[in-house]
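Right, one structure below, let's go through it.
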């Protein structure tokens with residue numbers, strides 16, 4: 001299994017018509033990006049089913065859940081689904097899982113009071129479920145955690161194969177690598193926007209960031225990195241916007257990717273803004289040469 005250094009994270013792969021998602025995935029693969037990531041939203045397709053759609057629409061690119069919500073399916077179902085894709089598409093599936101956010105979990109009737117403990121127990125249950133599956137000839141797909149704060153990163157180090165942090169600047173990548181150590185996979189997401197005008201770029205960035213700045217998991221992590229209430233107001237201060245979204249020309253975006261890699265990332269998943277599949281693929285095509293992403297034959 002290889003993530004490649006640069007991948008693509010796109011929310012519309014679970015919301016756009018299936019034909020459009022298939023087409024976009026095939027185009028992203030042809031551009032040469034190593035991994036295709038997507039999330040799991042309440043208003044979108046189920047994460048494990050989406051993996052099957054994207055794997056079948058492509059030839060060799062890795063497909064990764066970024067992330068599948070542990071409260072949506074039990075550990076046995078998650079382990080069996082991952083094993084299914086590991087067998088059907090050897091070396092091409094990565095399972096990213098996460099605890100999601102309190103407002104999204106309590107609305108389903110679950111208790112969100114101890115998310116780290118819930119994840120730890122879930123990983124134990126997944127391991128037990130895998131032991132009951134006929135996996136002798138099929139290596140289990142890697143499991144990455146949506147880990148932001150130190151204790152969840154420690155869990156990613158000790159009970160999983162690494163971490164897939166979302167909505168983070170390079171300084172978080174550096175701190176995460178220190179906690180994880182050298183072996184676990186570290187694959188942060190990075191929002192990108194090819195827009196040179198500062199006012200326009202920051203307006204689009206704030207439209208993207210606003211909903212995330214209402215979620216305590218993200219603001220808590222940003223507080224840990226030195227940001228505060230003034231940075232969270234109005235969709236984000238200029239300082240925070242510029243830290244979370246890499247905007248400008250292709251060279252500016254490439255510098256941000258390099259900053260994550262220099263800080264210890266194994267892989268960087270680019271999320272093109274604004275969230276439009278066709279425009280996103282166009283931006284990715286423009287970025288590819290500067291990122292040393294080479295087209296597949």
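Quick check on region 9-37: of everything there that is in contact with a strand residue (DSSP E or B) (Cβ under 8 Å, 6 or more places away or on another chain) and more than 26 Å from residue 138 (Cα to Cα), which residue is surrounded by the fewest Cβ atoms within 10 Å (Cβ to Cβ)?
Restricting to residues being in contact with a strand residue (DSSP E or B) (Cβ under 8 Å, 6 or more places away or on another chain) and more than 26 Å from residue 138 (Cα to Cα), the top hit is 11.
Within region 183-192, identify whether any single residue is in a helix (DSSP H, G or I) and either within 19 Å of the chain's Cα centre (by Cα) or crowded, with 20+ Cβ neighbours inside 10 Å (or both), and answer yes or no.
No: region 183-192 contains no residue that is in a helix (DSSP H, G or I) and either within 19 Å of the chain's Cα centre (by Cα) or crowded, with 20+ Cβ neighbours inside 10 Å (or both).
Within region 19-52, track down each residue that is part of a helix (DSSP H, G or I), free of Cβ contacts under 8 Å to residues at least 40 places away in the same chain, in contact with a helix residue (DSSP H, G or I) (Cβ under 6 Å, 6 or more places away or on another chain) and over 20 Å from residue 108 (Cα atoms).
Within region 19-52, 22, 25, 26, 50 qualify.
Do any residues in region 67-90 that are without any contact (Cβ under 8 Å) to a residue 24 or more places away in the chain have Cβ atoms under 6 Å from those of residues that are outside any helix (DSSP H, G or I) and surrounded by fewer than 22 Cβ atoms within 10 Å (Cβ to Cβ), where the two are at least six apart or on different chains, and which pairs are they?
Going by the 6 Å Cβ cut-off, there are no qualifying pairs.
For residues that are surrounded by 14 or more Cβ atoms within 10 Å (Cβ to Cβ) and touching a residue at least 12 places away in the same chain (Cβ under 8 Å), scanning just region 225-235, find the one that is nearest to residue 174 (Cα to Cα).
225
Taking residue 157, is it touching a residue at least 60 places away in the same chain (Cβ under 8 Å), closer than 30 Å to residue 89 by Cα and part of a helix (DSSP H, G or I)?
No: the conditions fail for residue 157.
Here is a check on your reading of the model: is residue 96 in contact (Cβ under 8 Å) with a residue 24 or more places away in the chain, within 16 Å of residue 161 (Cβ to Cβ) and assigned to a helix (DSSP H, G or I)?
For residue 96, the condition - in contact (Cβ under 8 Å) with a residue 24 or more places away in the chain, within 16 Å of residue 161 (Cβ to Cβ) and assigned to a helix (DSSP H, G or I) - is not met.
Restricting to region 268-277, name every residue that is at pLDDT 95 or above and in contact with a helix residue (DSSP H, G or I) (Cβ under 9 Å, 6 or more places away or on another chain).
Answer for region 268-277, where residues must be at pLDDT 95 or above and in contact with a helix residue (DSSP H, G or I) (Cβ under 9 Å, 6 or more places away or on another chain): 268, 270, 271, 272, 273, 277.
Scan region 254-269 and tell me whether some residue there is over 29 Å from residue 63 (Cβ atoms) and surrounded by fewer than 22 Cβ atoms within 10 Å (Cβ to Cβ).
No: zero hits.
So which of 129, 117 ends up being within 22 Å of the chain's Cα centre (by Cα), modelled with pLDDT of 90 or more and assigned to a helix (DSSP H, G or I)?
Result of the check over 129, 117: 117.
Which of the numbered conditions does residue 55 fail, given that it passes all the others? Conditions: (1) touching a helix residue (DSSP H, G or I) at 6+ places or on another chain (Cβ under 7 Å); (2) closer than 25 Å to residue 260 by Cβ; (3) in a helix (DSSP H, G or I).
Result: residue 55 passes all but (2).
Kindly provide the set of residues from region 58-74 that are farther than 22 Å from residue 43 by Cα and over 20 Å from the mean Cα position of the chain (by Cα), ordered by number.
59
Does region 236-252 include one or more residues that are under 28 Å from residue 63 (Cα atoms), assigned to a helix (DSSP H, G or I), without any contact (Cβ under 8 Å) to a residue 24 or more places away in the chain and out of contact with any strand residue (DSSP E or B) (no Cβ under 6 Å at 6 or more places or on another chain)?
yes
The values are calculated or read from the model by the stated rules, or taken from the named source; none is laboratory data. All values derive from a computational prediction rather than experimental measurement. Using ideal geometry, Cβ is built from the backbone for each residue, glycine included, and neighbour counts are taken over all protein chains shown.
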